[in-house]
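Student: My questions will all concern the structure given below.
The values are calculated or read from the model by the stated rules, or taken from the named source; none is laboratory data. Here the structure is a predicted model, which is why all the values come from computation and not from measurement. Ideal geometry is used to build each Cβ from the backbone, glycine not excepted, and the neighbour counts take in all protein chains shown. Note: accessible area is taken over every heavy atom of the protein model, side chains too, but ligands, DNA and RNA are not part of it. Shrake-Rupley method; radii C 1.70, N 1.55, O 1.52, S 1.80 Å.
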Amino acid sequence: MASSGGVARTLCRLYYRFSVCRQCQRQVPNLSKTNRFAVSTRLYSEQRSTHFGFETVSEDEKTEKVYKVFENVAQKYDVMNDAMSLGIHRLWKDALMHLMSPTPGTLLLDVAGGTGDISFRFLDYIRFRQDREARRDTLSRQSASWQEITEAYQPGQSDTQGGVQAVVCDINKEMLKVGRQRAADRGYGTGLSWVVGNAEELPFDNDKFDFYTIAFGIRNVTHIDQALQEAHRVLKPGGRFLCLEFSRVSNPLLSRVYDAYSFQLIPVLGEVIAGDWKSYQYLVESIRRFPDQEEFKAMIEDAGFFKVQFHNLTGGVVAIHSGFKL
């Protein structure tokens, strides 16, 4: 039988062999200072959990899983958008653009905009406004010659992008690859750039952009509050934040129909069109985990934005939230 002194020495050795992590309050091996920090940081990261659809995962695991989802669906992403929304997503994005109402010379940052849908609309909208202004200018020249009128309507004679640049930023390289190919196919040459970047840690300077948009992307971010703070940081004073995202349907009847359609049909479409049931099951579940309109509005205000408001579309199936940096 061990003596009391032996037991005491054993307990003492065990005590000094372990220490308590200050972050997670769990025992970690009493290693060197550097190794002890590495171990405690890993344990702390593992302990912090979040949601991936209806599944509870670690924060690091969610980042990896979301990346894999969009890597898998990149090639069929736009086709599936048409199939899932019956083409209505185009009207939602047009509504976002009309609410933004950009003018020539403004700079857009489109985050999580991989395939370029919002940025293409932005450049088209600027081009439309420039063409309309050019026509008005031509009509105002009562004494203009036919040669001057003809030159005013010649394509390529002026900078159709008006010095505007749309920057597409996405964490997923496969989505950006698809976007670049779409841009080339549609003839978008100048005024458009593509950047790999994380919404939670944007690779841009402070006070740089006039508009920040994120369409159907913010619900996939691990730390939404951090992404909102980054949006505020990179916008110029007077700049505008706009987010198009699935939201909460208020009408009970529409809500039941929407739920049945989402859970029973969308994953099936994902399997048939994209060969990927699980990714679209996640997308449906992630919509249900996203804050409702009022809660998300409060989060945007907490990030420092003013005059925050939202506009419901299709009965609240989606909503556009906007706010200004003052």
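Student: Out of SER250, SER158, SER145, I need the residue that is of a type outside the set (A, V, I, L, M, F, W, C), within 22 Å of ALA298 (Cβ to Cβ), surrounded by fewer than 21 Cβ atoms within 10 Å (Cβ to Cβ) and at pLDDT below 95. Which one?
Tutor: Criteria check complete, one pass: SER250.
Student: Going residue by residue through the stretch 35-56, is there one that turns out to be assigned to a loop (DSSP other than H, G, I, E, B), at pLDDT below 80 and surrounded by 16 or more Cβ atoms within 10 Å (Cβ to Cβ)?
Tutor: So far as the stretch 35-56 goes, yes, one or more of its residues are assigned to a loop (DSSP other than H, G, I, E, B), at pLDDT below 80 and surrounded by 16 or more Cβ atoms within 10 Å (Cβ to Cβ).
Student: Additional query: So in the stretch 189-205, with the set limited to residues that are part of a loop (DSSP other than H, G, I, E, B) and in contact with a strand residue (DSSP E or B) (Cβ under 9 Å, 6 or more places away or on another chain), which one is farthest from GLN226 (Cα to Cα)?
Tutor: THR190
Per-residue answers, yes or no, for (1) among the hydroxyl-bearing types (Ser, Thr, Tyr); (2) farther than 29 Å from THR103 by Cα; (3) open to solvent by 30 Å² or more (accessible area, probe 1.4 Å):
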| residue | (1), (2), (3) |
| --- | --- |
| VAL234 | no, no, no |
| PRO267 | no, yes, no |
| SER286 | yes, yes, no |
| ASP292 | no, yes, yes |
| PHE306 | no, no, yes |
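Student: Run down VAL164, VAL168 and say which single residue is of a type in the set (A, V, I, L, M, F, W, C), within 26 Å of GLY238 (Cβ to Cβ), at pLDDT 80 or above and open to solvent by less than 20 Å² (accessible area, probe 1.4 Å).
Tutor: Result of the check over VAL164, VAL168: VAL168.
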